[in-house]
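Some notes on the structure that comes next.
The values are calculated or read from the model by the stated rules, or taken from the named source; none is laboratory data. Predicted model only: the values in this text are computed from it and were never measured. Counting neighbours? That spans all protein chains shown, and the Cβs are built from the backbone with ideal geometry, glycine included.
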Amino acid sequence: MHLSGSAHRGRKQPPICVTRRASYHGETLIQTHVDVMKTADWRAEWKHLQQVRLFDHLDEPCLRMLQEICEPCLVGTGEVLLSPLKPNHYLYLLLDGELAVHLDSLDSQPVRIIGPGDCAGEISFIDNQLPSAWVVSLESSLMLRLHSRSMSLLSRSPQLMQNLVELFCQRVRLSDRLIINSEQNANIDTLTGAFNRRRLEHIYNRESTRCAFSGRPLSILMLDVDHFKDYNDLHGHLAGDHALCLVVDTLGKLLRPADSLVRYGGEEFVVLLPGMALAQARKVGERLRLRLARLRSFRSPLGTLPGVTISIGVALRQPKDNLEGLIHKADHALYEAKQNGRNRVCG
């Protein structure tokens with residue numbers, strides 16, 4: 001980016017203390033360096049201020065004031081701009097480059113990428129607390145910065161305050177989405193994409209209450225992949241992982257939106273069938289079993305692998321059944337299916 005000089009050229013800047021990580025992709029080593037952030041010797045121009053969304057719709061006097069107090073600076077690739085371990089007194093306004101926001105640590109996946117026109121550090125800039133996240137430069141980045149002592153000047157502009165409130169609203173909405181996504185991910189089995197055991201109790205309580213209120217039945221299927229240990233021993237654990245994904249993908253396509261497929265543990269799965277009586281549940285179980293039995297082989301990143309079969313136990317919820325009791329009945333029926341030769345439905 002080409003930037004012209006001004007009367008401020010040659011002004012001596014004080015040393016700036018910035019946290020830098022020694023390795024961005026390997027082990028994280030946090031150190032404090034002096035003069036890592038390079039302050040520029042040019043003055044912010046109107047075209048730079050107009051790039052910043054926080055400055056939208058500001059009048060000329062306000063922009064001229066910002067032109068005087070905004071300090072241009074440059075951050076190199078991999079340098080840490082904000083850290084929960086170090087106080088921050090600046091609002092950073094990105095003109096060029098990219099910044100990554102990390103919540104837990106620098107080695108976690110970034111939750112957001114900050115691009116030109118956006119800003120960073122606004123929360124600690126306002127409340128004078130430690131930053132709530134790490135912000136690291138993904139490439140050499142050019143920005144303007146405002147010190148927190150300028151807040152009294154900024155508060156004179158109602159439009160700027162409105163823009164700042166809108167920015168905080170966006171951040172709150174982003175945080176809400178992150179919380180929702182985090183809760184959803186906590187209920188999903190990372191290997192197969194099915195619900196996990198933690199989610200099962202919530203689903204059961206919801207569906208059993210609905211069925212009891214409406215007088216409808218609730219059935220459950222307990223599934224187990226046949227001879228899965230032998231499959232792993234013969235083809236490898238990675239092949240076994242792909243086989244489990246095949247099971248979830250195949251069964252999921254045959255179930256209704258109201259049904260819930262849960263990975264109960266290892267090679268065991270549970271299917272909740274709200275509104276379905278025992279005879280209907282047996283038919284569903286047989287349809288699931290037959291579909292997998294017909295898949296003699298399947299394609300995977302490892303190449304063509306042999307298919308798997310499943311044994312299924314079926315049980316109908318009685319009014320006094322809790323989740324543990326219903327699973328016990330389905331598990332007993334599953335044991336019967338295994339004893340009778342596997343690849344069958346019992347209950």
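Of the residues in region 292-308, how many are in contact with a Leu (Cβ under 6 Å, 6 or more places away or on another chain) and not hydrophobic (A, V, I, L, M, F, W, C)? Selection size over region 292-308: 1.
For region 71-83, taking the residues that are crowded, with 17+ Cβ neighbours inside 10 Å and under 17 Å from residue 134 (Cβ atoms), the one that is farthest from the chain's Cα centre (by Cα) is identified as 75.
Out of the residues in region 123-164 that are farther than 26 Å from residue 46 by Cβ and polar (S, T, N, Q), state the one that is surrounded by the most Cβ atoms within 10 Å (Cβ to Cβ). Filtering first and then ranking leaves 124.
Residues checked against (1) over 14 Å from residue 220 (Cβ atoms); (2) over 31 Å from the mean Cα position of the chain (by Cα); (3) of a type in the set (D, E, K, R):
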site: 253; (1), (2), (3): yes, no, yes
site: 276; (1), (2), (3): no, yes, no
site: 283; (1), (2), (3): yes, yes, yes
site: 288; (1), (2), (3): no, yes, no
site: 291; (1), (2), (3): yes, yes, yes
site: 301; (1), (2), (3): yes, no, no
site: 331; (1), (2), (3): no, yes, yes
site: 339; (1), (2), (3): yes, yes, no
site: 347; (1), (2), (3): no, yes, no
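Inspection of region 268-278 finds no residue satisfying the criterion of being more than 19 Å from residue 204 (Cα to Cα) and surrounded by fewer than 22 Cβ atoms within 10 Å (Cβ to Cβ).
Residue pairs whose Cβ atoms lie under 6 Å apart, sitting 6 or more positions apart in sequence or on different chains, and linking a residue in region 227-247 that is more than 21 Å from residue 334 (Cα to Cα) to a partner that is modelled with pLDDT of 95 or more and among the aliphatic types (A, V, I, L, M), are 239/305.
When the test is whether a residue is small (Gly, Ala, Ser) and either closer than 30 Å to residue 75 by Cα or outside any helix (DSSP H, G or I) (or both), residue 208 does not pass it.
Among the conditions (1) over 30 Å from residue 240 (Cα atoms); (2) under 22 Å from the mean Cα position of the chain (by Cα); (3) touching a residue at least 24 places away in the same chain (Cβ under 8 Å), residue 196 misses just one, which is (1). A count restricted to region 318-329 and to residues that are more than 35 Å from the chain's Cα centre (by Cα) and either over 20 Å from residue 282 (Cα atoms) or not in a helix (DSSP H, G or I) (or both) stands at 4.
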